[in-house]
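My structure is below; once you've seen it, I'll send some questions.
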Amino acid sequence: MSFANANISDIIATTIQSRTRKIADNVTNNNAVLKKLSMRGNIKTFSGGYKILQELSFAENSNAGWYSGYDLLPVGVSDVISAAEFDIKQAAVPVIISGLEQLQNSGREQMIDLLESRLSVAESTLSNLCTAGIYSDGTGAGGKEIDGLDAAVPLDPTAAPYGGIDGAVFTFWQNAISDQTAAAGLDPTLIQGFWNQLWSELVRGQDRPDCIMADSTVWNAYISSLQANQRFSNTDMADAGFTNVQFMDAPVILDGGIYFPSAASGGVGSPAGTAFFLNTKYLHYRPHAARNMVPLSPNRRYSTNQDAEVQILAWAGNLTTSGRAFQGRYDANGV
């Protein structure tokens, strides 16, 4: 089998390889949840295993207590650490170059220009795919999609196990819910009261939501509830390019303005009528160390029955949670 230019294959491979870090960063920086996790240091790779294990503390040490003088201190085993288990999810987007395009763009600079445009499309496609996955319930594409916020912070935390733990059995594995579908949840005169109640259910000492992700309808209702001199923004997220105002000391971030449904992503942004009250201390983005927006194979991939070459950008991992009880969900229309 002969090819238009053997060196072109090397250009394709090396160009994609050199951009993998940029692609991974673009995906992170283009999603407010992932950006917040990155700022907190909660984007951590894993190196292998059948499942992704996310350690969590589910109980206090039962040996703790008061004592006086020579009192005997309890030293019994106190099982307080467990782990949630998450499947490894995979995503990929191919970058394809035909033999004719290799002939037409045989110069190195021309080929790199062609690859730049193809890679830009691949990057945005993969970014939208991952963003949709961050909000998904994990059932998309036959259960192959990321176990996103719709699974981590569902409308009914007792309906199905999450991370291998059944919320119907273990109350520590239940997120807070404010279901205002029948109570004018988008009424600007009522929304702050509803949010105050939900917020109070998510505070434990210094633990409290540090990020509120809202779709455009909930965002508009909250904005309408504010007076002009109360529209403060969070500088960290604003400097990162995300539109936000404050509730308590958490940024309320708009993620759902322009909605681009596609066969690949299934749509991008927070679900309609929803605001997620997130404590990102207990959320984790866990890509595989060897499969974080990298070529599926650095070697040449040729079609067996076409004059074309393919390089595949691939990702594997999942979104995990170590503290479901610290997460909340505001639902204004049941979508």
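The values are calculated or read from the model by the stated rules, or taken from the named source; none is laboratory data. The shown structure was predicted, so the numbers you read here are calculated from the model rather than taken from an experiment. Reconstructed Cβ throughout: ideal geometry from the backbone, glycine too, with neighbour counts over all protein chains shown.
Examine region 176-192 for a residue that is under 29 Å from residue 84 (Cα atoms), assigned to a loop (DSSP other than H, G, I, E, B) and touching a Lys or Arg at 6+ places or on another chain (Cβ under 8 Å), and state whether such a residue exists.
No.
Continuing with this model, one more query. Please pick out the residue among 103, 73, 129 that is out of contact with any helix residue (DSSP H, G or I) (no Cβ under 8 Å at 6 or more places or on another chain) and at pLDDT 80 or above.
129
Return the residues of region 193-228 that are under 13 Å from residue 247 (Cα atoms), touching a strand residue (DSSP E or B) at 6+ places or on another chain (Cβ under 8 Å), of a type outside the set (A, V, I, L, M, F, W, C) and in a helix (DSSP H, G or I); say none if nothing qualifies.
If the condition is that a residue be under 13 Å from residue 247 (Cα atoms), touching a strand residue (DSSP E or B) at 6+ places or on another chain (Cβ under 8 Å), of a type outside the set (A, V, I, L, M, F, W, C) and in a helix (DSSP H, G or I), then 197, 222 are the ones that fit.
Of (1) at pLDDT below 80; (2) buried (at least 16 other Cβ atoms within 10 Å of the Cβ); (3) under 26 Å from the mean Cα position of the chain (by Cα), residue 84 satisfies all except one. Which?
(1)
Moving to a separate point now. How many of the residues making up region 320-331 are touching a Ser or Thr at 6+ places or on another chain (Cβ under 9 Å) and either assigned to a strand (DSSP E or B) or closer than 15 Å to residue 134 by Cβ (or both)?
5
So, of the residues in region 139-174 that are surrounded by 15 or more Cβ atoms within 10 Å (Cβ to Cβ), assigned to a helix (DSSP H, G or I) and not aliphatic (A, V, I, L, M), which turns out to be farthest from the chain's Cα centre (by Cα)?
Taking the candidates together, the pick is 173.
OK, next. How about region 139-177: which of its residues are more than 19 Å from residue 201 (Cβ to Cβ), without any contact (Cβ under 8 Å) to a residue 24 or more places away in the chain and acidic (Asp, Glu)?
166
Counting only residues that are crowded, with 18+ Cβ neighbours inside 10 Å and of a type outside the set (D, E, K, R), which one in region 87-100 is farthest from residue 50 (Cα to Cα)?
Here the residue is 99.
How many residues are within 14 Å of residue 215 (Cα to Cα) and modelled with pLDDT under 90 if we restrict to region 266-287?
Residues flagged as within 14 Å of residue 215 (Cα to Cα) and modelled with pLDDT under 90 within region 266-287 amount to 7.
Being aliphatic (A, V, I, L, M), at pLDDT 90 or above and more than 22 Å from residue 312 (Cα to Cα) is the requirement here; does residue 64 meet it?
Judged against the criteria, residue 64 is not a match.
So which residues in region 139-195 are over 21 Å from residue 273 (Cβ atoms) and hydroxyl-bearing (Ser, Thr, Tyr)?
If the condition is that a residue be over 21 Å from residue 273 (Cβ atoms) and hydroxyl-bearing (Ser, Thr, Tyr), then 158, 162, 171 are the ones that fit.
May I pose another question? Might you let me know whether region 308-319 holds any residue that is within 24 Å of residue 90 (Cα to Cα), among the polar types (S, T, N, Q) and either buried (at least 20 other Cβ atoms within 10 Å of the Cβ) or modelled with pLDDT of 90 or more (or both)?
Scanning region 308-319, I find at least one residue that is within 24 Å of residue 90 (Cα to Cα), among the polar types (S, T, N, Q) and either buried (at least 20 other Cβ atoms within 10 Å of the Cβ) or modelled with pLDDT of 90 or more (or both), so the answer is yes.
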